[in-house]
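Below: the structure, in structure tokens.
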Amino acid sequence: MLFFKSIASLAALVSLAVAGPIESRQSATTCGSTNYSASQVRAAANAACQYFQNDDTAGSSTYPHTYNNREGFDFIVDGPYQEFPIKSGGVYTGGSPGADRVVINTNCEYAGAITHTGASGNNFVGCSGTN
């Protein structure tokens, strides 16, 4: 009898796990030849969110700022979007932004990562995991 109760409890847990919502999570990404860990992506996205929510920018830069998605990426969350530089040497605080960006929406949900590396003109291409 105990065996059947255990199986029933396990089945109930599995059904809850399957029915639960899927959360978007920041993962590691590669932009051009630069690899970013999940914690670097998360740190850049969190900084973008903080600046955006405080109606502020990093140093004397314009970041974060509106990203209009002219390239037509299929981000994992709906916009409107903000772009913010991601740097391998720490969180961006101003100055030269480099080629790579994280994109968040105005609800501070991570949307993806994009880069100017390999793109024509001032356009972007997706980093790994962003199409």
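The values are calculated or read from the model by the stated rules, or taken from the named source; none is laboratory data. Owing to the predicted nature of the structure, the values given are computational and were not obtained by experimental measurement. Note: ideal-geometry Cβ built from the backbone for every residue, glycine included; neighbour counts use all protein chains shown.
Within region 107-131, if we keep just the residues that are among the polar types (S, T, N, Q) and in contact with a Phe, Trp or Tyr (Cβ under 7 Å, 6 or more places away or on another chain), the residue that is surrounded by the fewest Cβ atoms within 10 Å (Cβ to Cβ) turns out to be 131.
Does residue 15 satisfy the condition of being of a type outside the set (A, V, I, L, M), at pLDDT below 95 and either outside any loop (DSSP other than H, G, I, E, B) or closer than 24 Å to residue 119 by Cβ (or both)? First the steps, then the outcome.
On the way: of a type outside the set (A, V, I, L, M): yes; at pLDDT below 95: yes; either outside any loop (DSSP other than H, G, I, E, B) or closer than 24 Å to residue 119 by Cβ (or both): yes.
Judged against the criteria, residue 15 is a match.
Of the residues in region 55-73, none is under 16 Å from residue 27 (Cα atoms) and not β-branched (Val, Ile, Thr). Scoring residue 73 on the criteria (1) aromatic (Phe, Trp, Tyr); (2) surrounded by fewer than 22 Cβ atoms within 10 Å (Cβ to Cβ); (3) assigned to a strand (DSSP E or B) leaves a single failure, condition (3).
Those residues that are under 17 Å from residue 129 (Cα atoms) and hydrophobic (A, V, I, L, M, F, W, C), I need them from region 31-43; list them, please.
Taking region 31-43 first, the residues under 17 Å from residue 129 (Cα atoms) are 31-42.
31, 38, 41 - these are the residues of region 31-43 that are under 17 Å from residue 129 (Cα atoms) and hydrophobic (A, V, I, L, M, F, W, C).
Could you please find all residues in region 44-92 being more than 25 Å from residue 129 (Cα to Cα) and not aliphatic (A, V, I, L, M)? I'd like the intermediate steps shown before the answer.
The initial filter retains those residues of region 44-92 that are more than 25 Å from residue 129 (Cα to Cα), namely 53-62.
Within region 44-92, 53, 54, 55, 56, 57, 59, 60, 61, 62 qualify.
Annotation: residue 50 fulfils all but one of (1) without any contact (Cβ under 8 Å) to a residue 12 or more places away in the chain; (2) surrounded by 20 or more Cβ atoms within 10 Å (Cβ to Cβ); (3) not hydroxyl-bearing (Ser, Thr, Tyr); the unmet one is (2). If residue 95 meets every condition in (1) more than 16 Å from residue 115 (Cβ to Cβ); (2) loosely packed, with under 12 Cβ neighbours inside 10 Å apart from one, which number is that one? It is condition (2) that residue 95 fails. Among all residues of region 90-101, there is at least one that is of a type in the set (Lys, Arg) and not in a loop (DSSP other than H, G, I, E, B).
Collect the residues in region 56-68 that are touching a strand residue (DSSP E or B) at 6+ places or on another chain (Cβ under 6 Å) and in a loop (DSSP other than H, G, I, E, B), keeping them in residue-number order. Show your work before the answer.
Narrowing region 56-68 to residues touching a strand residue (DSSP E or B) at 6+ places or on another chain (Cβ under 6 Å): 63-64, 67.
Within region 56-68, 63, 64 qualify.
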